[in-house]
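Report on one structure; see the data block that follows.
What follows draws every value from the coordinates through simple rules; no lab data is involved. As the structure is a computational prediction, the values presented were derived from the model and not from experiment. Note: ideal-geometry Cβ built from the backbone for every residue, glycine included; neighbour counts use all protein chains shown.
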Amino acid sequence: MPGHEIEISAEERPSGQELVELYDAVGWSAYTTDPQTLEAAVRGSTQVVTARYQGELLGLARVVSDGASIAYLQDVLVRPELQREGVGRALVDAALAPFSRCRQQVLLTDDEPGQRKFYESLGWSEIRDHGDGRLRAFVRFTGPETQS
């Protein structure tokens, strides 16, 4: 699809089948084992932006936010064959555009060198690298997928 126009849009939320196919394509099977929860999560997101080519879902980014002080970038997915083509950057930019005045824009992602490079190229920094070290980040996972 290089050289072709990929449409970035927040106009339409993907169908459940499209979500399962996209999340499976990037190996995020923890989401696809329960398609109803995945659909509910996307439906309940404040902002969902998609990347499509001729109607086919190629990528997605979603944000959960109060619209004033915090915007949480939850998922950024791009089909593997289109990674490193600028689609992820376009999705993140479009997903966060309505939240440019929010003081905090945060995300939680895998500990993979490619992830770090991608987000740093967008101006993000790890909490441990930010400021004078007075910030901390905490997370608590629950549910059956978190149990060993």
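Results, tabulated for the structure shown:
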quantity: Failed condition for Glu85, given (1) in contact (Cβ under 8 Å) with a residue 60 or more places away in the chain; (2) under 17 Å from Thr109 (Cα atoms); (3) not basic (Lys, Arg); (4) not in a helix (DSSP H, G or I); calculated: (2)
quantity: Pairs where the first residue, in segment 17-37, is among the acidic types (Asp, Glu) and the second is surrounded by 14 or more Cβ atoms within 10 Å (Cβ to Cβ), C-beta under 8 Å, 6+ apart; calculated: Glu18/Leu57; Glu21/Leu57; Asp24/Thr32
quantity: Selection status of Arg79, loosely packed, with under 12 Cβ neighbours inside 10 Å and touching a residue at least 24 places away in the same chain (Cβ under 8 Å); calculated: no
quantity: Subset of segment 22-77 [within 19 Å of Leu122 (Cβ to Cβ) and of a type in the set (D, E, K, R)]; calculated: Arg62, Asp75
quantity: Candidates Ala95, Ala90, Ala68 - the one that is touching a residue at least 24 places away in the same chain (Cβ under 8 Å), of a type in the set (Gly, Ala, Ser) and crowded, with 21+ Cβ neighbours inside 10 Å; calculated: Ala95
quantity: Residues within segment 10-45 that are loosely packed, with under 12 Cβ neighbours inside 10 Å and closer than 21 Å to Arg89 by Cα, tallied; calculated: 3
quantity: Test: residue in segment 120-131 that is of a type in the set (Ser, Thr, Tyr), part of a helix (DSSP H, G or I) and farther than 26 Å from Glu12 by Cβ; calculated: yes
